[in-house]
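Novice: To start, I am sharing the structure in question, which I have written as structure tokens.
The values are calculated or read from the model by the stated rules, or taken from the named source; none is laboratory data. Owing to the predicted nature of the structure, the values given are computational and were not obtained by experimental measurement. Cβ placement follows ideal geometry from the backbone for every residue including glycine, while neighbour counts extend to all protein chains displayed. Heads up: the accessible areas ignore ligands, DNA and RNA and are worked out on the full protein's heavy atoms, side chains in. Shrake-Rupley method; radii C 1.70, N 1.55, O 1.52, S 1.80 Å.
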Amino acid sequence: MLSRVISSAVLGIDAYLVDVEVDVANGMTRYITVGLPEAAVKESKDRVTRAIVNSGFLFPFETITVNLAPADIRKDGAAFDLPIAIGILAASGLIPDEALRRQIILGELALDGLVKPIKGALPVTIAARDANMDGVILPRENAAEATVVAGIQVYAIDCLSQLVDFLCGKIDIEPYSAEVPDQAQVVDDHLPDFSDVRGQEHVKRALEIAAAGGHNLVMIGPPGSGKTMLARRIPSILPTMTFEESLETTKVYSVIGLLPRGKSLVTIRPFRSPHHTISDAGLIGGGQIPRPGEVSLSHNGVLFLDELPEFKKNVLEVLRQPLEDGHVTISRASASLTYPAGIMLVAAMNPCPCGYLGDTTHQCHCAQVQVQRYRSRVSGPLMDRIDLHVDVPAVPFKDLTAPVAGTETSQAIRARVERARAVQQDRLSKHRQVTCNARMTSKMVQACCAIDEKSSKLLERAVDKLGLSARAYTRVLKISRTIADLSGTGSIASEHILEALQYRTLDRRME
């Protein structure tokens, strides 16, 4: 007898429907799975067999053929355990076929029949809604995540026997409901606050500009000057995530299995800080079946690279395309997948190998050739894609002992940042994919960053003296536009250009 169960699988960060066809026929005892199954799918045979028996059902020891269609796409993961088990029981006559026609079923089975959580519940539910299915049946741990998608019923189950009784009409399961967080009300009191930072006012100003325009930034300073502490506070001043941004980011965390259990959405902008020993596959993504890397896990948030020159050069070079395009494409023989990578890159580095070049309290022992070799670990094309270069000097003792009262909080800075972002979104409203100044194309820069003759001559002299590339010139204009937005002025003035040029520290030093 033949049965058909509708399930789903994830490809990239999107899902597609999979027909799980099960045929149980008289003959010698065999269990065959076809449709390009990977190792985890092939191993489902033993899990499904014991789960059915331990749930109190009779397993048909006959010729069982399981086909996963479409057969030309590789299937991976343990989420097919449950639909295969239901298909075997339906083919044995225990479950009516009409109960399986409008529901997507997925879940991993334990040997005792309990249903374990899976990866990718959110994109699967979106695919079910787009296919006009009636509902999704999945593990209880994934139910909150799935309820984010409106217009489709979500049924949470705990074990195989419960699902069989539900499909046979013996019990009733109410659709799972959970409150979706209101993005406007999301506040994380656990984020580090800028009120903890003593001194470094000019660095705070640079971070505010970077947050307001979504600009990439590198901080250069001696050890202990507070670069990492400042970087970790950037999410506290970034604008609140929109629902669309939360959905995009949650899809990435869902397919890789990093979404906390019971949590429906990623509502706080991600902050990822990989160690400098990371590989290019770990940073960008990869594997036989490509998985998202740290760049995609930082989507709509911050990717912080501490000790930037210590990263392998080939690892840093693969960042160039994601920084420019906002997405990363990973090509393998089995598949070519695109993951989102709309990140704000924040990096930190020492000015020299010993870290004390230019420091007033420590003597630098590095030769000029050592300094040049150290900085050359970060290529010019990559540094060209970083908008702001900021010096972070050691904090004077008087600032360390200054009273905390009167220090500006992250909430106050974020209010200014959100006002500036609102201006940018209104200006760029015709372009759906562009929401901040850092993402503007060349045509948008021409239209939105017009400058007067005085500013033009000022910028021309700076380009000649600093040797700025065409890309760096464009980035100075974008930063100037952001500074003007923060000040509430409609046009870019010469003082905005001058401040933007101050944030090209490395260009000045290498002239």
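Novice: Enter the accessible area per residue of the stretch 258-322 (Å², integer; probe 1.4 Å; all protein chains in place). Please report the intermediate quantities before stating the final value.
Specialist: On the way: 2510 Å² over 65 residues.
Accessible area per residue, the stretch 258-322: 39 Å².
Novice: What number, in percent, do you get for the relative contact order of the stretch 309-459 if the mean sequence gap of Cα pairs under 8 Å and at least 6 apart is divided by its residue count?
Specialist: With pairs under 8 Å counted, the relative contact order is 15 percent.
Novice: What is the dipole size for the chain, taken about its Cα centre, with +1 at each Lys and Arg Cβ and -1 at each Asp and Glu Cβ, in debye to the nearest 20?
Specialist: With only Lys, Arg, Asp and Glu charged at Cβ, the dipole is about 1520 debye.
Novice: Regarding the chain, what are the three Cα extents along the principal axes, ordered largest first, in Å?
Specialist: Ordered largest first, the chain gives principal extents of 85, 47, 45 Å.
Novice: Mean separation of Cα pairs under 8 Å and 6+ residues apart, divided by the residue count of the chain: what relative contact order is that in percent?
Specialist: 13
Novice: Net charge around M229, counting only other residues with Cβ within less than 13 Å of its Cβ (Lys, Arg = +1; Asp, Glu = -1)?
Specialist: +2
Novice: Magnitude of the Cβ-charge dipole of the stretch 185-261, K/R +1 and D/E -1, about the Cα centre, nearest 20 debye?
Specialist: 300
Novice: Something else about it: Antiparallel DSSP bridges in the stretch 72-195: what percent, to the nearest 5?
Specialist: 25
Novice: Once the Cα gyration tensor of the stretch 118-222 is diagonalised, what are the square roots of 5 times its eigenvalues, in whole Å and ordered largest first, as equivalent ellipsoid semi-axes?
Specialist: The equivalent ellipsoid of the stretch 118-222 has semi-axes of 47, 15, 13 Å.
Novice: Right, something else. Among S279, V378, Q153, whose Cα sits farthest toward the positive end of the charge dipole of the chain (+1 at Cβ of Lys/Arg, -1 at Cβ of Asp/Glu, about the Cα centre)?
Specialist: Going by the Cα projections, it comes out as V378.
Novice: Of the listed peptides 49-55, 344-350, 450-456, what is their order by residue-averaged count of other C-beta atoms within 10 Å, with the highest listed first?
Specialist: On the way: 49-55: 19.3, 344-350: 24.7, 450-456: 13.6.
My ranking of the peptides, most packed first, is 344-350, 49-55, 450-456.
Novice: Using the Cα centre of the chain as origin and beta-carbon charges of +1 (Lys, Arg) and -1 (Asp, Glu), tell me which of I220, V41, G490 is placed farthest towards the positive end of the dipole.
Specialist: After comparing all options, I get I220.
Novice: Sticking with this one: At 1.4 Å probe size, with the rest of the protein present, what percent of the exposed accessible area of the stretch 28-75 is carbon and sulfur atoms?
Specialist: Result for the stretch 28-75: 56 percent of the exposed heavy-atom area is carbon or sulfur.
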